[in-house]
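Before any comments, here is the structure.
The values are calculated or read from the model by the stated rules, or taken from the named source; none is laboratory data. All values reported here derive from a predicted model rather than from experimental measurement. Here the Cβ positions follow ideal geometry from the backbone for every residue, glycine too, while neighbour counts run over all protein chains shown.
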Amino acid sequence: MKKWSLKVKLSLLYTFFTMLTVCISLGILLAFGNQELISSVQADLKEGIYESMDEIQAEKQELLVDKDFYDVEEGIYKSLLNDKGELLYGRIPYGFNSRIKPQDGQIKTTENEYGKWYTFTIRYPSQNSETLYVCGITSVTKEENAIRMMTAIAVVVLPLLAVLMGILGYGLSNRTLRPVRKITETVQQIQNDGDLSRRVGLGKGKDEIYQLSNTFDHMLEQLEDSFWREKQFTSDVSHELRTPITVILAQCDAMLSQENITGEQEKGIRMIEKKSREMAQMVSQLLFLSRADQGKQQLQKENLNISELTQMIAEEQQMIAQEKHIVIETEISQDIYAWIDESLYIRMLINLMANAIYYNKEPGWIKVSLKEEQDGVKGSVEDHGIGISQEALPHIWERFYRADTSRRDTERSGLGLSMVQWIVTAHKGHIQAQSKPGEGSCFTFWFPKK
């Protein structure tokens with residue numbers, strides 16, 4: 001049941017209770033109808049026999065029977081019997097071969113191979129010594145056959161009715177849940193493209209689903225406003241911080257150029273310069289991500305030989321890696337061309353390789369690979385460093401996130417991998433990370449050629 005959709009569940013529930021109601025109503029109708037039919041036949045039989053008493057007259061010890069007595073009215077056969085049940089006047093229906101034992105005012109049921117019969121006898125008040133009875137005989141086979149026919153029709157019609165109710169129930173539930181489906185689609189679209197400006201927009205309505213939709217739209221408006229304020233704040237702060245940081249770096253250069261500074265003063269100034277450059281890099285990354293969030297970071301794609309570009313970046317980073325006795329190996333296929341933004345691709349690789357150098361072991365190695373696939377380009381940056389724990393791995397793409405084992409130094413801002421992920425996604429690609437603590441990490445990226 002958990003795997004079934006809500007539409008199917010509602011349709012089955014609707015069909016079940018509808019068919020249950022129909023079956024109970026039909027059962028009651030057939031039961032009372034059958035009883036009513038029997039009562040009606042018996043009442044007609046009694047009434048016909050009492051009325052037929054006027055068609056028999058006794059005069060001077062002789063019975064005169066009117067010719068209407070021989071008529072069959074409403075399926076009732078009338079006859080005049082003696083106390084032994086022998087026929088004196090009247091008619092007996094064909095197929096009725098049972099012997100009648102007259103009893104005054106009683107209805108008896110008789111069955112044989114020809115059907116089922118009701119017999120009703122009343123004593124005729126004759127003036128002679130002989131006891132006479134007026135008898136009525138009627139068949140109930142036709143009525144019972146009608147009941148059986150109705151039951152058979154119900155047995156055939158009920159499955160068809162169940163199917164029809166199921167179709168109607170599915171259509172009704174589908175129409176009822178259409179607003180819910182629209183809400184779900186809107187949420188999925190927001191989740192896929194991150195566009196908080198989307199709205200469900202069901203309009204005005206009084207039921208709970210419309211109220212849910214309006215509440216959801218109102219919540220999206222508040223979220224969009226909050227995110228916009230956060231992005232604007234980040235952008236404004238980044239812009240405001242660039243000027244004082246530039247002034248600090250300029251003053252550091254000026255003070256370091258003086259000849260009369262002591263060794264302790266130079267050490268302190270260089271520490272200030274180092275931290276200012278780290279802050280400048282963080283501000284630059286924040287500004288980049290802020291422009292990306294606001295859709296202002298446009299891609300300038302060109303058809304470039306990324307094999308040569310990747311090899312060049314690896315050689316440049318090798319000079320930095322040598323200080324930590326790390327060797328960068330490359331496995332790059334020749335002449336791979338793709339439509340990319342050159343500056344963003346360089347920034348992506350530098351961030352990945354800088355992380356691999358920083359969190360590596362001494363001595364260590366880094367392997368940079370790039371190969372062409374059928375519809376895209378696949379590359380990776382692998383290291384033999386300290387690795388990332390499985391608990392921290394899903395969070396490494398979050399801004400400012402630092403795991404205890406792999407983000408332990410304050411020199412790293414925690415924004416580099418967020419930038420890498422955005423760059424790959426902006427090129428309509430994807431990136432994933434695999435890592436084991438103490439064994440190293442491997443970042444694999446893929447993006448289309450065009």
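Among the residues of this structure, residue 82 does not count as one that is at pLDDT below 80, of a type in the set (S, T, N, Q), surrounded by 12 or more Cβ atoms within 10 Å (Cβ to Cβ) and in the same structural domain as residue 155 (by TED's automatic domain parsing).
Residues in segment 354-387 that are under 39 Å from the mean Cα position of the chain (by Cα), surrounded by fewer than 17 Cβ atoms within 10 Å (Cβ to Cβ) and among the acidic types (Asp, Glu): 373, 375.
Just one residue in the set 217, 253 is surrounded by 12 or more Cβ atoms within 10 Å (Cβ to Cβ) and at pLDDT 80 or above; that residue is 217.
Within segment 100-108, is even one residue out of contact with any Phe, Trp or Tyr (no Cβ under 8 Å at 6 or more places or on another chain) and in contact (Cβ under 8 Å) with a residue 24 or more places away in the chain? Yes.
Any residue at all in segment 143-154 that's surrounded by 13 or more Cβ atoms within 10 Å (Cβ to Cβ), under 27 Å from residue 75 (Cβ atoms) and over 50 Å from the mean Cα position of the chain (by Cα)? Within segment 143-154 (the criterion being surrounded by 13 or more Cβ atoms within 10 Å (Cβ to Cβ), under 27 Å from residue 75 (Cβ atoms) and over 50 Å from the mean Cα position of the chain (by Cα)), the answer is yes, since at least one residue qualifies.
Could you tell me whether residue 273 is modelled with pLDDT under 85, acidic (Asp, Glu), in contact with a helix residue (DSSP H, G or I) (Cβ under 7 Å, 6 or more places away or on another chain) and assigned by TED's automatic domain parsing to the domain that holds residue 243? The answer is yes for residue 273. Considering only residues in segment 66-79 that are surrounded by 16 or more Cβ atoms within 10 Å (Cβ to Cβ) and touching a helix residue (DSSP H, G or I) at 6+ places or on another chain (Cβ under 7 Å), the one that is farthest from residue 130 (Cα to Cα) turns out to be 76.
If you go through segment 111-159 and pick out every residue that is of a type outside the set (S, T, N, Q) and either in a strand (DSSP E or B) or more than 25 Å from residue 27 (Cβ to Cβ) (or both), you end up with 19. Taking the criterion of being polar (S, T, N, Q), over 40 Å from the mean Cα position of the chain (by Cα) and part of a helix (DSSP H, G or I), would at least one residue in segment 169-187 satisfy it? Checked segment 169-187: no residue is polar (S, T, N, Q), over 40 Å from the mean Cα position of the chain (by Cα) and part of a helix (DSSP H, G or I).
What do you reckon, is residue 197 part of a helix (DSSP H, G or I), under 30 Å from residue 282 (Cβ atoms) and at pLDDT below 80? Considered against the rule, which asks whether it is part of a helix (DSSP H, G or I), under 30 Å from residue 282 (Cβ atoms) and at pLDDT below 80, residue 197 comes out as no.
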